[in-house]
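Taken together, the values in this text are just the output of simple stated rules run on the coordinates, not laboratory data. Values in this document were obtained by computation on a predicted structure and should not be read as measured data. So basically every Cβ, Gly included, is an ideal-geometry build from the backbone, and we count neighbours across all protein chains shown.
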Amino acid sequence: MSGIHLFVPNFRTKECLEEIRICLDKGWTGLGFKTLEMEKAWSEYTGLPHAHFLNSATAGLHLAVRLLKDADGWKDGDEVITSPLTFVSTNHAILYENLKPVFADVDEYLCLSPESVESRLSDRTRAVMFVGMGGNTGSLDRIAQLCRDKNIRLILDAAHMAGTRFEGKHVGAESDAAVFSFQAVKNLPSADSGMICFADQALDRAVRKWTWLGINKDTYTRTHDQSAYKWQYEVEHPGFKYHGNSIMAAMALVGLRYLDQDNARRREICQWYDEALSQHSGIERIPTAPNCESSRHLYQIAVDKRDEVMLAMNEKGVYPGVHYRTNCEYLVYRDYRVECPQATRYSDSLISLPLHLGLSKKDVSHVAKSLMNIVTLQRGLPA
Ligand SMILES: *Cc1c(COP(=O)(O)O)cnc(C)c1O
């Protein structure tokens, strides 16, 4: 694979294989064992009291919406304020539960703008879905305060935020549910898995049944007081098959050992980009919020004529990405389109530059120089 690519996950192959071998030798690759170990390790790492390991963050976002809807008695058509500038998982989770996504605009951090969220509040608003773009906390603290003041729920799509700290504390505690992703190219990659962290212990207990078809082993033994019948269980509701497995947990446990070190390296690479690009007036760099130690899943910039710039970068052997197109443009969200001028502008101008642990300072310099030359040419200014 020649060229400089957006994401290249860095697996510690030997350590991953050792952890996976333990599962195979034990004959236990499914739910339990390493999934419980990963939950405990994640709780200790983040300081969040509850953590349940899942097969994806998409499943986690669905569960967050579903369980809060049940707990609070939301009705179909009730509203969740959300960002249009995100991966579609975020907003699909709202549609899955027959709720209405109400798009609010983003701010200079590419995260929900508190002012815009406030302007979208109605008497049917039940929750805000906040996306920590690229690991950035944006104005999460202000939005968390707003949710407390208005007595509405806060769900954190923390798919990019493994290892993000705000004022020295890992993110998640400000939210009713925080959902992390350990998908194949996230900053803590497994192959596919995720974590849901509910603030409320009762919801954490409930979600463990929801992720395994609604099966409850405890209820049966309790109500029948016959723990000898180990093969019996109760099924209370049509739950989903959303739990994670021990092979994925084994990989995630290895990644977690290196998470702080890897994120520090990501921040260093971003610093190199910042230094290289800071003098160019045609390139808008996205700031990290004050007091945020970002996981730096992404390094994003905004330019005019984005698509032309992307193609020209490809010609130089550089393969950046786009996170994201505004979801308002997708057919599936056509009924929910509203004016979000910043999200629309960024949708047409954002580029995610290559960011992974295999990049050297020379690579970063090559990417930055190519980008600056291309942008200068596109603007028709003297090089
Ligand atoms: C990747 C991603 C998800 C979904 O994560 P999966 O683990 O792949 O389901 C959700 N939200 C955002 C912002 C993401 O980038």
Give the span of segment 121-260's Cα atoms along each principal axis, as three whole-Å numbers ordered largest to smallest.
-> 52, 43, 24
If every Lys and Arg gets +1 and every Asp and Glu gets -1 at its Cβ, then about the Cα centre the chain yields a dipole, in debye to the nearest 20, of 740 debye
With Cα atoms, 0 to 90° folded angle of helix 259-277 axis to the chain main axis = 20 degrees
Using 0.36 nm per residue of separation minus the Cα-Cα distance, give me the extension gain between Ala264 and Thr376 in nm, one decimal.
-> 37.2 nm
Given the rule -39500 (n - 2.57) for each run of at least 4 DSSP H residues, summed and divided by the residues of the chain, what is its mean residue ellipticity at 222 nm, to the nearest 500 deg cm²/dmol?
-> -12500 deg cm²/dmol
Which one of Asn98, Leu357, Gly77 is farthest out on the positive end of the charge dipole of the chain, using unit charges on Cβ (Lys, Arg +1; Asp, Glu -1) and the Cα centre as origin?
-> Leu357
Each residue of segment 40-46 in order: what ³J(HN,Hα) in whole Hz does its phi give by Karplus 6.51 cos²θ - 1.76 cosθ + 1.60, θ = phi - 60°, with x for Gly and Pro?
-> 5, 5, 5, 4, 5, 5, 8
Across the Cα atoms of the chain, what radius of gyration and what greatest pairwise Cα-Cα distance (Dmax) are found, in Å?
-> 21.7, 83
R0 = 25 Å: FRET efficiency of Tyr96 with Tyr45, Cβ-based, nearest 0.05?
-> 0.30
Can you work out the PRE-style zone for Arg337? Point 7 Å along Cα to Cβ, and I want the residues of segment 87-113 with backbone N under 17 Å.
-> 101-105
For segment 319-331, Karplus couplings with θ = phi - 60° (6.51, -1.76, 1.60), whole Hz, Gly/Pro x | 10, x, x, 10, 10, 9, 7, 4, 5, 4, 6, 7, 3
Taking Cα atoms, how many degrees apart are the long axis of helix 201-210 and the longest axis of the chain, rounded to 10 and kept between 0 and 90?
-> 90 degrees
From the cross-link list Lys40/Lys75; Lys100/Lys241; Lys34/Lys241; Lys40/Lys169; Lys26/Lys69; Lys14/Lys40, which pairs have alpha carbons spaced over 29 Å apart?
-> Lys40/Lys75; Lys26/Lys69
Those lysines that a straight Cα-Cα span of less than 16 Å connects to Lys316, excepting residues fewer than 8 apart in one chain | Lys362, Lys369
Ordered by number, the trypsin sites (Lys or Arg not before Pro) in segment 322-383 that occupy a DSSP loop and have at most 14 other Cβ atoms within 10 Å are Arg337, Arg379
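Quote the FRET efficiency, to the nearest 0.05, computed for Leu357 versus Arg124 with a Förster distance R0 of 45 Å and r equal to the Cβ-Cβ distance.
After rounding, the FRET efficiency stands at 0.50.
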Hull shadow area, averaged, segment 260-378 [alpha-carbon convex hull, nm²] = 8.7 nm²
Fewest Cβ neighbours within 10 Å first, please rank Ser370, Ser83 accordingly.
-> Ser370, Ser83
Calculate the spin-label point distance for Asp149 paired with Tyr319, positioning each point 7 Å from the Cα along the beta-carbon direction, and give it in nanometres.
-> 4.7 nm
With Cα atoms, 0 to 90° folded angle of helix 306-315 axis to the chain main axis = 80 degrees
Between Leu24 and Asp274, the two model label points (7 Å from Cα along the beta-carbon direction) sit apart by a distance in nm of 4.4 nm
Rank these for me by crowding, Glu37, Glu329, Glu44, going from fewest to most other beta carbons within 10 Å.
-> Glu44, Glu329, Glu37
